[in-house]
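A short worksheet on the structure shown next.
The values are calculated or read from the model by the stated rules, or taken from the named source; none is laboratory data. Since the model is a prediction, treat every value here as computed from it, not as a measurement. Counting neighbours? That spans all protein chains shown, and the Cβs are built from the backbone with ideal geometry, glycine included.
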Amino acid sequence: MSSETQLLTALMLAAMGQPAEPIFAEKGSAWDEFLTVLGDITHADTVQMHLIENGQAVRHWQVGGDWAGMNLSESGQMRTSRVYSQFDLPVSLGAEATSCPLRAIRWRIDSDAWGVILLRRCDEDFRAIDGQHLSNLLPYLAPAVQGWQRLDRARTRAVLDHRICAGLGAGWILFASSGQIAAMSSGLPEALEDLAGIRLSAEGWLLLAAPQAKALREALSALARDPTGAHILWLSTASPVQMVLSVEDCAGSSELVGRVRYDVSVGSLPLPWVMSAFGLSRSEARLAVALCEGLSLAEAADRLGWTRETTRSNSKRLFARMGVRGQADVIRTLFKSVVWWCPDADPEGSCDAPWG
């Protein structure tokens, strides 16, 4: 494979966020892999890539030896059609620019955004071919970075969607026509195994109890005959897990989609979240959780080790703080609240998000 092909392949993989080498996949940075390839080909000791918006660096990658870099706030002075050496970089980028052999390029991403790549050596100067490699990259860098930014935003939104679904006890499964799993929403395999003991076989089948497995096969057969219907199935009854199976249009292709809903326990919520969400004391929050788990006031008193009088007093304060009239309203208010979507908590179960 030629050097140019290596560079462009690494650049396209970086744009898709899909590094070829496992070590870079583990780090989660295909741009590090691209810069490593660029450094290997040009024999650079340090390679940096900066994304700049309104004169401020917003993203930065570096491979190779330590180097503080340069003052890139003035990099907008660089032309986008040339390769710079240490001798012709604008002086405002920093005095260190002349202390070591350098090569640099700048490309425009948007009207007020651009990127800069810097190569640095510690001894002999770069070869002419090294500058040519950078020059050849210039036409491809802007679309590659723009594509990566769009995918990065889409992935960020997908992560938020997955977290919201998980908070509600929801997920999705894409099935092949045979019934094998083609894909599942993030975190769903672990949730199904933890809550209901449902696992995936090595071949990608849901390992269900016999009645549920039979119902799934029958639903798949029915959809093969008539793809316009929808089937409600139980994947587990011991720990309730339901699924609606249907054929749906997904980005222009027909997919067998299972929309899964599983039980989410109020008791799994860290108590500080419940306290903060409704301005409750610890005792009031404990009582709210007990009531939302279906306990009567008497049953809640037994669980919490309280007297009946203490439980009634706490219930009155709880109802007043939540602005409700009774247990049914406590349940309705908590299940309709955003407490299920609190950002990640620390190991002690606290939540830093302000709950208004």
Out of Ala209, Ala224, Ala191, report the one residue that is under 18 Å from Val244 (Cβ atoms) and surrounded by 14 or more Cβ atoms within 10 Å (Cβ to Cβ).
Ala191
Just to be sure I understand, how many residues within segment 178-219 are in a helix (DSSP H, G or I) and in contact with a strand residue (DSSP E or B) (Cβ under 7 Å, 6 or more places away or on another chain)?
11
Cβ contacts < 8 Å: first residue at pLDDT 85 or above and in a helix (DSSP H, G or I), restricted to segment 76-96; second residue aromatic (Phe, Trp, Tyr) and surrounded by 15 or more Cβ atoms within 10 Å (Cβ to Cβ), any location; separation 6+ or different chain. Result?
Gly76/Trp114
How many residues are among the small types (Gly, Ala, Ser), under 17 Å from Phe335 (Cβ atoms) and either outside the structural domain of Leu334 (by TED's automatic domain parsing) or touching a Leu at 6+ places or on another chain (Cβ under 9 Å) (or both) when one looks only at segment 269-299?
4
Just checking, which of His50, His60 is touching a residue at least 60 places away in the same chain (Cβ under 8 Å) and either in the same structural domain as Leu11 (by TED's automatic domain parsing) or surrounded by 13 or more Cβ atoms within 10 Å (Cβ to Cβ) (or both)?
His50
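Can you tell me which residue among Val145, Val159, Val116 is surrounded by 16 or more Cβ atoms within 10 Å (Cβ to Cβ), β-branched (Val, Ile, Thr) and assigned to a helix (DSSP H, G or I)?
Details: Val159 fails: surrounded by 16 or more Cβ atoms within 10 Å (Cβ to Cβ); Val116 fails: assigned to a helix (DSSP H, G or I).
Sole residue among the options that is surrounded by 16 or more Cβ atoms within 10 Å (Cβ to Cβ), β-branched (Val, Ile, Thr) and assigned to a helix (DSSP H, G or I): Val145.
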Go through the residues of segment 64-71 one by one and say whether even a single one is within 34 Å of the chain's Cα centre (by Cα), in the same structural domain as Ala10 (by TED's automatic domain parsing), closer than 26 Å to Glu4 by Cα and not in a loop (DSSP other than H, G, I, E, B).
yes
With respect to the numbered conditions (1) at pLDDT below 95; (2) in contact with a strand residue (DSSP E or B) (Cβ under 8 Å, 6 or more places away or on another chain), which one is the sole condition not fulfilled by Ile232?
(1)
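For (1) free of Cβ contacts under 8 Å to residues at least 12 places away in the same chain; (2) under 30 Å from Ile41 (Cα atoms), each residue gets a yes or a no:
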residue	(1), (2)
Gln146	no, yes
His162	no, no
Gly167	no, no
Ala170	no, no
Ala176	no, no
Pro189	yes, no
Asp194	yes, no
Arg217	no, no
Scope segment 258-298; condition outside any loop (DSSP other than H, G, I, E, B), in contact (Cβ under 8 Å) with a residue 60 or more places away in the chain and surrounded by fewer than 17 Cβ atoms within 10 Å (Cβ to Cβ); matching residues:
Arg261, Leu271
Hey, Ser135 among the hydroxyl-bearing types (Ser, Thr, Tyr), surrounded by 15 or more Cβ atoms within 10 Å (Cβ to Cβ) and either in contact with a strand residue (DSSP E or B) (Cβ under 8 Å, 6 or more places away or on another chain) or at pLDDT 95 or above (or both) or not
no
Among the residues of segment 12-30, are any part of a helix (DSSP H, G or I) and of a type in the set (D, E, K, R)?
yes
What pairs can you find where one residue is in segment 201-213 and in the same structural domain as Ala182 (by TED's automatic domain parsing), the other is in a strand (DSSP E or B) and among the acidic types (Asp, Glu), and their Cβ atoms are less than 7 Å apart, with a gap of 6+ or different chains?
none
Cβ pairs under 7 Å, 6+ apart, first in segment 303-317 and in the same structural domain as Val289 (by TED's automatic domain parsing), second assigned to a helix (DSSP H, G or I) and exposed (fewer than 13 other Cβ atoms within 10 Å of the Cβ):
Arg308/Ala298
